[in-house]
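Asker: One structure, as structure tokens, below. Some questions next.
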Number of protein chains: 2
Amino acid sequence: MARAERRRRTEEAILAAARRQFGEAGYERTSIRAVAAEAGIDPALVMQLFGNKESLYSAAAALGVELDVLKAATVDELAATAAAHLFAVFEDPGDRAGAEALLRSCLTHPAAGAALRDQVMAPTQAAVAETIGGDDGDLRAAVLNACTLGVTIARYLLRDPVLAAADRAALEAILQPALDAVIDPGRAAP
Amino acid sequence: MARAERRRRTEEAILAAARRQFGEAGYERTSIRAVAAEAGIDPALVMQLFGNKESLYSAAAALGVELDVLKAATVDELAATAAAHLFAVFEDPGDRAGAEALLRSCLTHPAAGAALRDQVMAPTQAAVAETIGGDDGDLRAAVLNACTLGVTIARYLLRDPVLAAADRAALEAILQPALDAVIDPGRAAP
DNA sequence: ATGCTCGGTCAACACGTGTAGAGTGAACCT
DNA sequence: AGGTTCACTCTACACGTGTTGACCGAGCAT
């Protein structure tokens, strides 16, 4: 087999195993040995390819926010867009693994917390705050973010029985009016 | 000094140090040696008094929910009561340390996650679902719980700059209508 | 064909961890 | 006052971890 292709495959195998384990058990409880075992290679190879555990984690954990879509939304669409985006990430198996890897450790691993705060929540809030407007737009954006974060965590990470079993439409039907209340799009109207 | 009193004090010193460190760094990154050092005693004494690390954590991590207050609330009071309770816990320095110790590790430590789910969220949801009523009362209660959890985590654990800096009244003013939208107290009215 | 590159393995180190057991000296009981 | 209890310390073990450097053999260029 070609060398380049072979390398790409094992690199991806390592990343997939890493995402799965980081996402399921968190940073601390995931060992390089276990990741290597799942990927079917030697632990030392992980080091050679990714440098150290921290870098492996950085490469594995990722939560992509589609800022463009969010920025394009009007005040009235905001709640629906935010809710839809949340589910979109967690229904795509590819995106989901990385997102879980990030969220799982966001409270216990400093780098994960910082990444979530600075690269996910802050930009989102900035975008949302702008379309919300008003002098408490920042705060409303932050609360909106916190609520979607809470639902995500409870449903996908904590696996609250009720929330995990609920279907997407029912959940959206309840969540969306709540997010709209946070945004309060009518507060500037006459 | 009296022996009993002395013991009580060191036990409390250990617990205080444990709560602080578990709450700040999480279960895995907190070592018995570090807790003992902060309490000014020998690591082995922690083992003698608490058995093992897991038991120490159980003794230190606690999030008390006042179910009676919650159950006594009417549908219209529910949102305000839930929000008020959230802040009450995190403003009492005594309660807060234990609550942080639980929440910090709820995503990465299985026992913490189970405790939060079974001993905090489930009873709360049951109580809230009953006063909400309707056939989707469970789901609404779960969403309400998830939102308050999200705000709590973002403000006190993740320390989102905007949320952490916001004052309680402003936050409540935004959060409460949102929770009310989740509850939707008017949906049965004519 | 030959010499180099590089994906991959093996064995080992250094370290921090949770935990166990023997020991000590002051507070307690009688 | 003397024997016992008990809070407390010291030392050490066993283990899993991240990480390293030497080594091997198939793919590549010439």
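The values are calculated or read from the model by the stated rules, or taken from the named source; none is laboratory data. The shown structure was predicted, so the numbers you read here are calculated from the model rather than taken from an experiment. Note that each Cβ is placed from the backbone with ideal geometry, even for glycine, and that neighbours are counted across all protein chains shown. Surface accessibility is based on the protein's heavy atoms, side chains included, excluding ligands, DNA and RNA. Shrake-Rupley method; radii C 1.70, N 1.55, O 1.52, S 1.80 Å.
Asker: How long are the three semi-axes of the equivalent ellipsoid for the protein assembly as shown, computed from the Cα gyration tensor as the root of 5 times each eigenvalue, in whole Å, largest first?
Answerer: Values: eigenvalues 236, 194, 64 Å².
One finds semi-axes of 34, 31, 18 Å for the protein assembly as shown.
Asker: Could you tell me what % of all Cα pairs in the range B:76-137 have separations over 15 Å?
Answerer: It works out to 62 percent of all Cα pairs.
Asker: With each label point set 7 Å from Cα along the Cα-Cβ vector, what nm distance links B:A84 and B:D135?
Answerer: It is 3.4 nm.
Asker: With every protein chain kept in place and ligands, DNA and RNA left out, what is the accessible area per residue of the protein assembly as shown? Probe 1.4 Å, answer in Å².
Answerer: Accessible surface, normalised per residue, equals 45 Å².
Asker: Separate question: Report the residues of the range A:60-75 in range of a label on B:R117: point 7 Å along Cα→C-beta, backbone N strictly under 13 Å from it.
Answerer: Taking a point 7 Å out along Cα→Cβ of B:R117, no residue of the range A:60-75 has its backbone N under 13 Å.
Asker: So if we plug the beta-carbon distance of B:D95 and A:A2 into 1/(1 + (r/R0)^6) with R0 = 35 Å, what FRET efficiency do we get, rounded to 0.05?
Answerer: Working from the Cβ atoms, E equals 0.05.
Asker: In addition: Hey, for B:A2 with labels 7 Å out along Cα-Cβ, what do the inter-copy distances come to in nm, ordered shortest first?
Answerer: 8.1
Asker: Turning to a different aspect of this structure: Taking square-rooted eigenvalues a ≥ b ≥ c of the alpha carbon gyration tensor, is chain B rounded, prolate or oblate, where a/c under 1.5 means rounded and, failing that, a/b exceeding b/c means prolate? Please list the in-between numbers first.
Answerer: Values: a/c = 2.51, a/b = 2.18, b/c = 1.15.
Taking the square roots of the gyration eigenvalues as a ≥ b ≥ c, chain B is prolate.
Asker: Ignoring ligands, DNA and RNA, please state the percent of accessible area on the protein assembly as shown from carbon and sulfur, probe 1.4 Å.
Answerer: Carbon with sulfur: 52 percent of the solvent-accessible area.
Asker: Taking only the Cα atoms of the range A:23-72, how large is their convex hull per residue, in Å³? Working shown, then result.
Answerer: Working: hull volume 5.2 nm³, N = 50.
It comes to 104 Å³ per residue, whole-number rounded.
Asker: Moving on. Measuring label to label, 7 Å along Cα→Cβ, what does A:Q48 give against each other copy in nm, shortest first?
Answerer: So the label point of A:Q48 gives 5.1 nm to the other copies.
Asker: Nm distances between the label at B:E130 and the same-position labels in the remaining copies, 7 Å along Cα→Cβ, shortest first?
Answerer: Taking the point 7 Å beyond Cα along Cα→Cβ, the inter-copy spacings are 4.9 nm.
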